[in-house]
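**Q** Mind looking over this structure? Questions follow.
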Amino acid sequence: MSTVTQPINPAKLVARQQLALQDADWLRWSLIAIAVSFISLFICLPLGLVIVKALSKGVEAYWEALSQPDTLAAIKLTLLTAAVTVPLNTVFGVAAAWAITRFEFKGKSLLTTLIDLPFSVSPVISGLIFVLLFGAEGWFGDWLIAHDVKIIFAASGIILATVFITFPFVARQLIPLMQEMGSQEEEAALSLGASGWKTFCAVTLPNIKWALLYGVLLCNARAMGEFGAVSVVSGHIRGLTNTLPLHVEVNYNEYNIVGAFAGASILAGLAVVTLVLKTALEWQQAKR
Amino acid sequence: MSILLSNISKNFGTFAALDQINLEIPEGELVALLGPSGCGKTTLLRIIAGLESADRGRVLISGQDRTDHDVSQRGIGFVFQHYALFRHMTVFENVAFGLRVKSRRERPSEAIIRKKVHDLLSLVQLDWLHDRYPDQLSGGQRQRIALARALAVEPAVLLLDEPFGALDASVRKDLRQWLRNLHHDLNVTSIFVTHDQEEAMEVASQVVVLNHGRIEQQGSPSDIYDHPANAFVSRFIGQTNIFDLDEQDSDWLQTAGLSNTHQKGKIVHVRPHDIVIEKSSANSDAFVTLKDWQHLGALIRVELVKTGANGPAASVYAEMPNDQFKRLHLNKGDKVDLRIRHAHWFH
């Protein structure tokens, strides 16, 4: 489970420090030492170990593990899932944020709470919900079988579960920002004769673009990395319904260490790329 | 263009923000909607603009019913209290926005847009800022840009929501005069909302006083000041001494020059400049003493204390020109005679 917070701007944090609030040198250094060693021990070391393990039998074995048809299929499915999920949740997220910050309606606070639901329930339960709905024994099971539609143990189920899990990311980034901005600029655009769509494109979108990109990035990272919910609905069919995280687990359980860590290194690489992009975005935002 | 509002009502839940407002604004006027906060003046402005919809009633602009028109179709220009400039656009692009979003058929050519925007920026005397972004401008500059932006679409009516509310006192003074002059040059029917009676009296040609979602009075500034329709308007516009009368008061009122025969109600409002004071002889039975005074530029405000035969002491304020006060040779604690030249009576 993860929570979404506002991007941190390091420059601001330092600027706020005042002389009177500065601690003794020994305290400062020991706090820094604790933080650095904690990060090294629990984050850098494991991440490094992924690479070391993946390359433990040489680069060739690593490449071979990666070029297995099952691995390629897992990478493909992961990318497909992200490619469908992220645009969908971007649209949903913008629409939800718009509805919540721009309109007054009954059940608004309920909707705001529901947006957080995927964060607050265990991903396994999220997966189970879809099995209960679309599985052979589920509510729509008979109908789906009769019409030969496969959702559970198929890519569509994985995508559904991922959409559910990653729904909050974009909306949660936008809602506080749009609340803070208010709707006066949009009202001004409307009063100048702009249509609703034009107002959105020319006024709203430029104002929310950084937060939106940030939300999309987080949504993408989670869509590629989601394990729990996907694991329940996938069925772990090799080459068909294994996403990259599932592929890693299957290999690991079969003591195929190089295969498992080669897959893990791809995921870790994606995480690093995400972090770099995220930092670049924050830097952009801080510059403005 | 003229504006006609008929029977406008608006409720927020059970709270009646506007209660059957009927208002006619002739073409070319500069009208102030004046009232305390929560009186419904901003809601009324937003209903005229189409940013808010009324529960009942019609909005007519130049004789045409625009009640069901969208804000983008009403032909109004709206200036917001906090400017609402597009923060990611330059000053030039802000002003050009209304022209650029016109449909292809109505959109002027780039050269015409360019000329028009520069003309407008010259009108608000800020052409030299055309390539700046809003956050590089001062509050007064932003408000003038917002005004130029609203004027770019040649609105039939200009609506301003507390246009000087977020500005420094000195900037506000300048901008008031400037807006008045601008309106004189352009002559576009304009309505502005304010809670500052001084601002309304100084800028507007017509003042509409609102309270609790109803119109208390409409008229020229002098009309409203000299002939307030009720106690609320009298209290809200300018300064006034308020006396709640009972039977014992008839004596001192008579001494002050207001005889009982004139009594038309239980409450008397007296403007400070309608009170004349004179030093009374040392052993007189005068009931008013001078407590203190303050300089208000050309005027002196004198604080008097009226001690009644019974009941608590009450403060009374009088205003007079500096030299007149000097001629009286008054000191703190002196007894004075008091004369009321003019008063308003209310029930």
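**Q** Only one residue in A:162, A:166 is farther than 30 Å from residue A:286 by Cβ, more than 14 Å from chain B (Cβ to nearest Cβ) and at pLDDT 90 or above. Which one? Even if it seems obvious, please write down each step before you answer.
**A** On the way: A:166 fails: farther than 30 Å from residue A:286 by Cβ.
Unique residue meeting the criteria: A:162.
**Q** For region B:1-104, list the strands (runs of 3 or more DSSP E) that sit wholly inside it and hold at least 1 residues that are acidic (Asp, Glu) and either in contact with a Lys or Arg (Cβ under 8 Å, 6 or more places away or on another chain) or closer than 23 Å to residue B:147 by Cα (or both); which are they?
**A** Details: elements: B:3-12, B:15-25, B:30-34, B:56-61, B:76-79.
Ranges flagged: B:15-25.
**Q** When both residues are 6+ apart or on different chains and their Cβ atoms are under 6 Å apart, which pairs have a first residue that lies in region A:233-259 and is buried (at least 19 other Cβ atoms within 10 Å of the Cβ), and a second that is among the β-branched types (Val, Ile, Thr) and not in a helix (DSSP H, G or I)?
**A** Matching pairs, first to second residue: A:233/A:152; A:234/A:241.
**Q** From A:268, A:280, A:260, A:194, grab the single residue that is modelled with pLDDT of 85 or more, outside any helix (DSSP H, G or I) and of a type in the set (A, V, I, L, M, F, W, C). First the steps, then the outcome.
**A** On the way: A:268 fails: outside any helix (DSSP H, G or I); A:280 fails: outside any helix (DSSP H, G or I); A:260 fails: outside any helix (DSSP H, G or I).
Going through A:268, A:280, A:260, A:194 in turn, just one is modelled with pLDDT of 85 or more, outside any helix (DSSP H, G or I) and of a type in the set (A, V, I, L, M, F, W, C): A:194.
**Q** If I go through region A:145-183 residue by residue, how many of them are outside any helix (DSSP H, G or I) and surrounded by 15 or more Cβ atoms within 10 Å (Cβ to Cβ)?
**A** The initial filter retains those residues of region A:145-183 that are outside any helix (DSSP H, G or I), namely A:147-154, A:167, A:182-183.
With the extra rule that they be surrounded by 15 or more Cβ atoms within 10 Å (Cβ to Cβ), the set shrinks to A:151-154, A:167, A:183.
Going through region A:145-183 one residue at a time, the tally reaches 6.
**Q** Against the condition away from chain B (no Cβ under 14 Å) and either touching a strand residue (DSSP E or B) at 6+ places or on another chain (Cβ under 9 Å) or under 23 Å from residue B:89 (Cβ atoms) (or both), how does residue A:213 come out, does it pass? Talk me through it step by step, then tell me what you get.
**A** Numbers: away from chain B (no Cβ under 14 Å): yes; either touching a strand residue (DSSP E or B) at 6+ places or on another chain (Cβ under 9 Å) or under 23 Å from residue B:89 (Cβ atoms) (or both): yes.
Here the answer is yes, as residue A:213 does meet what is asked.
**Q** For residue B:73, only one of the following conditions fails: (1) over 17 Å from residue B:161 (Cα atoms); (2) within 14 Å of chain A (Cβ to nearest Cβ); (3) buried (at least 20 other Cβ atoms within 10 Å of the Cβ). What is its number?
**A** (3)
**Q** Which ones in region B:228-256 are charged (D, E, K, R) and crowded, with 17+ Cβ neighbours inside 10 Å?
**A** B:249
**Q** Right, another one. Take residue B:82 and decide whether it is away from chain A (no Cβ under 14 Å), closer than 26 Å to residue A:209 by Cα and surrounded by fewer than 20 Cβ atoms within 10 Å (Cβ to Cβ). Even if it seems obvious, please write down each step before you answer.
**A** Values: away from chain A (no Cβ under 14 Å): no; closer than 26 Å to residue A:209 by Cα: yes; surrounded by fewer than 20 Cβ atoms within 10 Å (Cβ to Cβ): yes.
So residue B:82 does not fit the description; no.
**Q** Scan region A:75-89 and tell me whether some residue there is part of a loop (DSSP other than H, G, I, E, B), among the charged types (D, E, K, R) and over 20 Å from residue A:215 (Cβ atoms).
**A** Filtering region A:75-89 down to residues part of a loop (DSSP other than H, G, I, E, B) leaves none.
Within region A:75-89, not a single residue is part of a loop (DSSP other than H, G, I, E, B), among the charged types (D, E, K, R) and over 20 Å from residue A:215 (Cβ atoms).
**Q** So, one more: Being in a loop (DSSP other than H, G, I, E, B), surrounded by 15 or more Cβ atoms within 10 Å (Cβ to Cβ), over 15 Å from the mean Cα position of the chain (by Cα) and within 14 Å of chain B (Cβ to nearest Cβ) is the requirement here; does residue A:188 meet it? Quick ask: steps written out before the conclusion?
**A** On the way: in a loop (DSSP other than H, G, I, E, B): no; surrounded by 15 or more Cβ atoms within 10 Å (Cβ to Cβ): yes; over 15 Å from the mean Cα position of the chain (by Cα): yes; within 14 Å of chain B (Cβ to nearest Cβ): yes.
Against the criterion (in a loop (DSSP other than H, G, I, E, B), surrounded by 15 or more Cβ atoms within 10 Å (Cβ to Cβ), over 15 Å from the mean Cα position of the chain (by Cα) and within 14 Å of chain B (Cβ to nearest Cβ)), residue A:188 does not qualify.
**Q** Starting from region A:59-71, keep only residues that are in contact (Cβ under 8 Å) with a residue 12 or more places away in the chain, then list their pairs with residues that are hydrophobic (A, V, I, L, M, F, W, C) and assigned to a helix (DSSP H, G or I) whose Cβ atoms are within a distance under 6 Å, requiring at least 6 positions of separation or different chains.
**A** These pairs meet every condition: A:61/A:258; A:62/A:54; A:62/A:262; A:65/A:258; A:65/A:262; A:66/A:262.
**Q** Restricting to region B:119-159, and then to whatever is free of Cβ contacts under 8 Å to residues at least 24 places away in the same chain and either more than 30 Å from residue B:44 (Cβ to Cβ) or within 14 Å of chain A (Cβ to nearest Cβ) (or both), can you tell me which residue is farthest from the chain's Cα centre (by Cα)?
**A** Quick first cut of region B:119-159, residues free of Cβ contacts under 8 Å to residues at least 24 places away in the same chain only: B:119, B:122, B:125, B:127-128, B:136, B:141, B:154.
Now drop any that are not either more than 30 Å from residue B:44 (Cβ to Cβ) or within 14 Å of chain A (Cβ to nearest Cβ) (or both), which leaves B:119, B:122, B:125, B:127-128, B:136, B:154.
On the way: B:119: 30, B:122: 28, B:125: 25, B:127: 30, B:128: 32, B:136: 30, B:154: 25 Å.
That would be B:128.
The values are calculated or read from the model by the stated rules, or taken from the named source; none is laboratory data. Note that the structure is predicted; figures quoted are calculated from it, not measured. Every residue, glycine among them, receives a Cβ derived from its backbone with ideal geometry; neighbour counts consider all protein chains shown.
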